[in-house]
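Read the structure below first, then the notes.
The values are calculated or read from the model by the stated rules, or taken from the named source; none is laboratory data. All values reported here derive from a predicted model rather than from experimental measurement. Don't worry about glycine lacking a Cβ; one is built from the backbone with ideal geometry, like all the others, and counts go over all protein chains shown. Accessible surface is based on the protein model in full, side chains and every heavy atom, while ligands, DNA and RNA are left aside. Shrake-Rupley method; radii C 1.70, N 1.55, O 1.52, S 1.80 Å.
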Amino acid sequence: QVQLVESGGGLVQAGGSLRLSCAASGSISSIYVMSWYRQTPVNQRALVASISSDGDANYADSVKGRFTISRDNAKNTVYLQMNSLKPEDTAVYYCKIIASTGWGTPRFQYWGQGTQVTVSS
């Protein structure tokens, strides 16, 4: 069983910064891609950023230049540094990993429980 625990959300003023963390634990053999998504009551869950096991990162156009995704493979943790936050960044942020639980086993995706980020104007 794999568990993801997110932290770092909260309330911040526009222009401020937050850093989200997501730590994976349990029967993990390898973690491939680690990602952050966000969802609002109006919009579907959408990809914010992802990072491969080699460190290659991709970003949604709306956050390029403001957000930075990183990972610590020794800690099975992914981070999202969010700078220059805007009210439109307000959402519930979810982390997702694609991982296997043993050598030669299939890869599955696992989701965190979500953390609220609110940016006030």
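How many residues are of a type in the set (A, V, I, L, M) and within 10 Å of the chain's Cα centre (by Cα) if we restrict to segment 25-78?
Going through segment 25-78 one residue at a time, the tally reaches 7.
For segment 99-121, give me each residue that is aliphatic (A, V, I, L, M) and closer than 16 Å to Gln1 by Cβ.
Hit for segment 99-121 is Ala99, nothing else.
When you scan segment 8-62, how many residues do you find that are in a strand (DSSP E or B), farther than 15 Å from Gln116 by Cβ and open to solvent by 30 Å² or more (accessible area, probe 1.4 Å)?
The total comes to 12.
For the structure I just gave you, tell me whether Asp61 is free of Cβ contacts under 8 Å to residues at least 12 places away in the same chain, within 22 Å of Gly16 (Cα to Cα) and not basic (Lys, Arg).
Taking the combined requirement at face value, the residue satisfies it.
Looking at segment 72-99, which of its residues are in a strand (DSSP E or B), in contact (Cβ under 8 Å) with a residue 12 or more places away in the chain and surrounded by fewer than 17 Cβ atoms within 10 Å (Cβ to Cβ)?
Gln81
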